[in-house]
Amino acid sequence: MKKWLAMILSVILMVGVISGCSSNESTSSNANKGNKEVEGKLVIWTFFGQVKDMAKEFEKKYPKAKVEVKVFPGDQYKTKLLTALQSGQNVPDIFDLERGYIGQFVNSNFAANLSDMGGEKLVKDYVPYVQELGRDQKGDLKAISDHSSPGGFWYIKSNAKKWLGTDDPEKIGEMVNSWDKIIDLGKKVSKESNGKTHLISSYGDVYNIEAYHMDPWVKDGKLNIDPRWKKAYKTQKEIFNNNVDAKLDFFSAGWGNAINDGSVVLTAMPAWAGFMVDNKGNKSNGKYGIAKTPTGLYMGGTYRAIYEKSPNKDLANQFIKFIASKEWQEHNLKTTGNMPALETVYKDNLDSYTSPLFGNQNILKPYYDLVKDIPAQKADKYGEEILSLWRKVAGQGIKDNANVDKVISKFKKEVKNAFPELQVD
Amino acid sequence: MRNAINKSRYGYYFVAPFFITFLIFGLAPIIYSLYLSFTNWDGFTDPVNIGFANYERLIHDSFFFKSIFNTFIIWILSVIPQVSLALALAIILNERFIRGKHFFRAVFYFPHIVTPVTLGVLFFLIFDWQTGSVNKVLMELGIIHAPVNWFNSPWLSRIIVAMVTMWQYFGLNMLIFIAGLQAIPNELYEAAEIDGASRWKIITKITLPLLKPVLMFTFITSIIGGLQLFDGPLMIGNGPDNSTTTMVMYLYQTAFKNFNYGYGAAVAYAIFFIILIFSLISIKFSKLNKVEQ
C-alpha cells in the first residue's frame, strides 16, 4: 500500500511541475477562417496601457471582432517579444514597438510588409517623420503609429511673466528661438534670481531637441559624427557653466518637481508627459503654456507592426487601418490628448482644440509647426544606442569641462567596443 | 540484511521533479549559451558560427577587464565594513543585558527584505546631485557650500554602490553571526570570567577564534554574491568612465542592449570561469579550516 501511495504522490508532483510550465499556449487559434467580414479574434502585445481603450473603440465599431490586449509594462517587454518571435510560439498578431528599438524590428523578417497591404494609402497624409520611422532600410512600410509625439517648452504662465516679462507663447517662442538667445536669457534669469531659478532644466535638453536633426550615426557601415555635434557640445558647456540650466536630468525626480514648483522656467518636454503635472482637483487647469523650442522636438513614439506569420493578417490590417484613421486619431486627441499622426487632424483642429492644462491656448499650433520641422529619417539598428553612448560620454565631458576632441575620441572607443562591426576612424 | 540503507527506487521519483526542471530550465540554457558563445547572433536573424572569435575579442576587451576590476573594488569596499559591522552588532546584541535585542535584530534585518533594485533607486535619489537629501543635510549643517556631484566621481560612485550592498547584507550576516555566537558554550565564558579575563580578552581569545568557521562561511558566500553584483548598480548607472559597471552589468548591456547575444554568451562564460576559480579557492580554504579543527 505504502509503495502505491509513494508512486501516486510522486506522479502527482511531477505532473504538477510539468503542467505548470506548459499551460498558456495556443491562445489565438482558429479565429480567421477566410472571413471577409471584420470578425475574429486578435491578440495584441504592448507596453502601453492605453491600447486597451483603442481595442475597445475598435470592438465598438466592429462588434463581431474581439481584441485581446496583453500589456507588459517596463523594459522587459522588448526581450519578451523578441523571445516569442524567435521561438515562433505564442506570438501575437500585432506587436507594439517603441521608438527606442523600432529600428531592429522593422528591419527584421518578423514584421509584415504593410506597403503590400495598402499601408501607403494610410500614411499618405501623415507627419513626415512619423511615417518614415516605420519604414525599413528599403523604404517599405513595416510599422504604423497612431500619433506623433512633439514636445515644446512648457511653462507656468505666472512664472514666465515674472522672469521673462510675458506669458504669450508666441513672444516667448521668439525669445528662445536660438541657443545663443537661450544662453543670454538664462544668464539673466539666474542672476536676477540669485541662482534660485533657471531658464531650462538641463544642458541635456540640447540633445533632446537637436538629436533627430543630425545626420544618422551610421552611414555605409561607418560611424558618422555630424559636425554639428561639436557645436552642440560647445553650447551645452556654456549652458552648464553659466547656470542657464538647473542641472536636473530629464525625467528625474527633481526635474518633475521643477515643472510644478516653477524653479525651472521652461521645461522641454513631450506632449504626452502631461501626467508629470500635479493636477489634483484640477488646480493646474489653465496654469500652463507651451512655447516653441529652437528646432522641432519629438520624443518617443509607439508603433504597431503585424506579425509576418500571423493567421489573422486581414483582421490585424483592419485594426491598423482603424488606428491610422482620422476617426480614431481625432477621438484619441480629444480623450487622451495624444497628438495625431495625420496632418489633416492637426489642420482641422488647429483653431478649435484646447486642453485643460493650457486654458484657451490652441496648443496644436506650436506642436504642428514643430512636428513639420523634424526631418524624416529612418530608424536603424544603431541610432538610439549610439546616441545614448554619446549622451553618456558627452555628459561626462561637460561635467569635467573636457575638450571636445577628447570627448570624441572616448566616444569612438565606446562605439568600437559596443559595435565592433562598424568602421570607426 | 544486505544493506543498511534502503535504496528503493521510489526515492528517485521524489527527486525527479527537481532534476527534470533543472534539466529543462537550468542545464539546457547553460549548454545553449555555450553554443551561442561561438556564434554571432543579434536575435533577429539566424546565428552564424564564428568559432572562437568572441573569445578572442574578449581577451582584448579593455571594457570587460575594467568591469572585472570594478566588481572586485566594489566587493572589497562592501565586504569589509559589512562583515565588521555585522560582527560588532552581533556581539553587542548577543550580550545578556541588552534590552530590546529582538527588536534591533529585526530592524537590522529589514534592508535584506527589500529588493536590491529598490535599494539602488533609494540610494540614487538620496545621493542625487541637486535634490538628494544627503547634499541638503550637509549644506544645512554648513559642512559643504555647494552640492557634491557624488556620481561624477569614480570612487565616490563605487563607494555608494558598495554601501548599497553593505546595507543590504549586514543584517543577514549579523543573524548568522548571532547563531554562531549562540553555539559557543557558556562554560567557556564563565571559566574566563572566573579567571578574571576582561571583556576585550574574552572577545579576542574566545569569541573570535570559535567564530572562525562562521566567518569563513559568510566570507565565501559574499565572494560569490559579490561577483554577481548586478541589480543595485544597474539602478545607479555606469558611473563616470564606466566606473560602476560590474561584470554582470556588462554582460547585460552587450546581450540585451546592443543585441549581441553571441558575445554576451562569451562574457557569461568568462564570468562563469572567474566565479569557478574563486569558488575553488574558497573551497580549498574551508577545507583547510576543517583540518585545523
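The values are calculated or read from the model by the stated rules, or taken from the named source; none is laboratory data. Since the model is a prediction, treat every value here as computed from it, not as a measurement. When we count neighbours, we look across all protein chains shown, and the Cβ atoms used for this are built from the backbone with ideal geometry, even at glycine.
Residue count for segment B:251-260 satisfying the condition of being part of a helix (DSSP H, G or I) and at the interface with chain A (Cβ under 10 Å from one of its Cβ atoms): 5. The residues listed here are B:Thr45, B:Thr21; of these, the one that is out of contact with any helix residue (DSSP H, G or I) (no Cβ under 9 Å at 6 or more places or on another chain) and hydroxyl-bearing (Ser, Thr, Tyr) is B:Thr45. If you check A:Glu384, A:Glu421 for being under 20 Å from the mean Cα position of the chain (by Cα), touching a residue at least 40 places away in the same chain (Cβ under 8 Å) and within 11 Å of chain B (Cβ to nearest Cβ), only one passes: A:Glu384.
Residue under question is B:Leu181, and the condition is that it be touching a helix residue (DSSP H, G or I) at 6+ places or on another chain (Cβ under 7 Å) and loosely packed, with under 15 Cβ neighbours inside 10 Å; does it hold? For B:Leu181, the condition - touching a helix residue (DSSP H, G or I) at 6+ places or on another chain (Cβ under 7 Å) and loosely packed, with under 15 Cβ neighbours inside 10 Å - is not met. The residues of segment B:217-266 that are farther than 22 Å from B:Gln168 by Cα and of a type in the set (Gly, Ala, Ser), listed by number, are B:Ala255, B:Gly262, B:Gly264, B:Ala265, B:Ala266.
Residues in segment A:203-215 that are in a loop (DSSP other than H, G, I, E, B) and either of a type outside the set (Ser, Thr, Tyr) or closer than 18 Å to A:Ala271 by Cα (or both): A:Gly204, A:Met214, A:Asp215. Any residue that is within 12 Å of another protein chain (Cβ to nearest Cβ), at negative phi, crowded, with 17+ Cβ neighbours inside 10 Å and touching a residue at least 24 places away in the same chain (Cβ under 8 Å) - is there at least one of those in segment B:104-120? Checked segment B:104-120: no residue is within 12 Å of another protein chain (Cβ to nearest Cβ), at negative phi, crowded, with 17+ Cβ neighbours inside 10 Å and touching a residue at least 24 places away in the same chain (Cβ under 8 Å).
Restricting attention to segment A:183-210, and to residues there that are in contact (Cβ under 8 Å) with a residue 40 or more places away in the chain and among the polar types (S, T, N, Q), which single residue is farthest from A:Gly300 (Cα to Cα)? Once the filter is applied, the top-ranked residue is A:Ser190. Of everything listed in (1) among the hydroxyl-bearing types (Ser, Thr, Tyr); (2) modelled with pLDDT of 95 or more; (3) farther than 15 Å from A:His147 by Cα, the single unmet condition for A:Ser355 is (2).
Checked against the criterion of being within 30 Å of B:Gly262 (Cα to Cα), within 14 Å of another protein chain (Cβ to nearest Cβ) and β-branched (Val, Ile, Thr), the candidates B:Ile74, B:Ile20, B:Ile31 yield just one match: B:Ile20.
Spot the failing condition for B:Gln130; the list is (1) surrounded by fewer than 17 Cβ atoms within 10 Å (Cβ to Cβ); (2) not in a helix (DSSP H, G or I), and only one is missed. Single failed check for B:Gln130: (1). Is it fair to say A:Leu122 is in contact (Cβ under 8 Å) with a residue 12 or more places away in the chain, among the aliphatic types (A, V, I, L, M) and either within 13 Å of chain B (Cβ to nearest Cβ) or out of contact with any Leu (no Cβ under 7 Å at 6 or more places or on another chain) (or both)? Criteria met by A:Leu122.
Criterion first (touching a Lys or Arg at 6+ places or on another chain (Cβ under 9 Å) and either within 30 Å of A:Asp380 (Cα to Cα) or part of a helix (DSSP H, G or I) (or both)) does A:Glu132 satisfy it?
Yes, satisfied.
Scanning segment A:161-178 for residues that are more than 19 Å from A:Tyr367 (Cα to Cα) and touching a helix residue (DSSP H, G or I) at 6+ places or on another chain (Cβ under 8 Å) turns up A:Trp163, A:Leu164, A:Thr166.
Hey, any hits in segment A:364-383 for a residue that's acidic (Asp, Glu), out of contact with any helix residue (DSSP H, G or I) (no Cβ under 6 Å at 6 or more places or on another chain) and assigned to a loop (DSSP other than H, G, I, E, B)? For segment A:364-383, residues acidic (Asp, Glu), out of contact with any helix residue (DSSP H, G or I) (no Cβ under 6 Å at 6 or more places or on another chain) and assigned to a loop (DSSP other than H, G, I, E, B): absent.
In contact (Cβ under 8 Å) with a residue 40 or more places away in the chain and in the same structural domain as A:Arg99 (by TED's automatic domain parsing), is that true of A:Lys313? Spelling it out, A:Lys313 is indeed in contact (Cβ under 8 Å) with a residue 40 or more places away in the chain and in the same structural domain as A:Arg99 (by TED's automatic domain parsing). Candidates are the residues of segment B:37-48 that are farther than 18 Å from A:Ala84 by Cβ and surrounded by 17 or more Cβ atoms within 10 Å (Cβ to Cβ); the one that is nearest to the chain's Cα centre (by Cα) is B:Ser37. The single condition from (1) out of contact with any Ser or Thr (no Cβ under 9 Å at 6 or more places or on another chain); (2) within 14 Å of another protein chain (Cβ to nearest Cβ); (3) part of a loop (DSSP other than H, G, I, E, B) that A:Asp249 fails is (1).
Among the residues making up segment A:402-420, those that are farther than 24 Å from B:Asn54 by Cβ and of a type outside the set (A, V, I, L, M, F, W, C) are A:Asn403, A:Asp405, A:Lys406, A:Ser409, A:Lys410. On the stretch given as segment A:85-130, residues that are under 16 Å from the mean Cα position of the chain (by Cα) and buried (at least 22 other Cβ atoms within 10 Å of the Cβ) total 9. Between B:Lys136, B:Lys212, the distinction of being more than 27 Å from the chain's Cα centre (by Cα) and basic (Lys, Arg) belongs to B:Lys136 only. Please verify whether segment B:141-152 includes one or more residues that are closer than 16 Å to B:Ile74 by Cα and within 14 Å of chain A (Cβ to nearest Cβ). Looking for residues that are closer than 16 Å to B:Ile74 by Cα and within 14 Å of chain A (Cβ to nearest Cβ), one finds at least one in segment B:141-152, hence yes.
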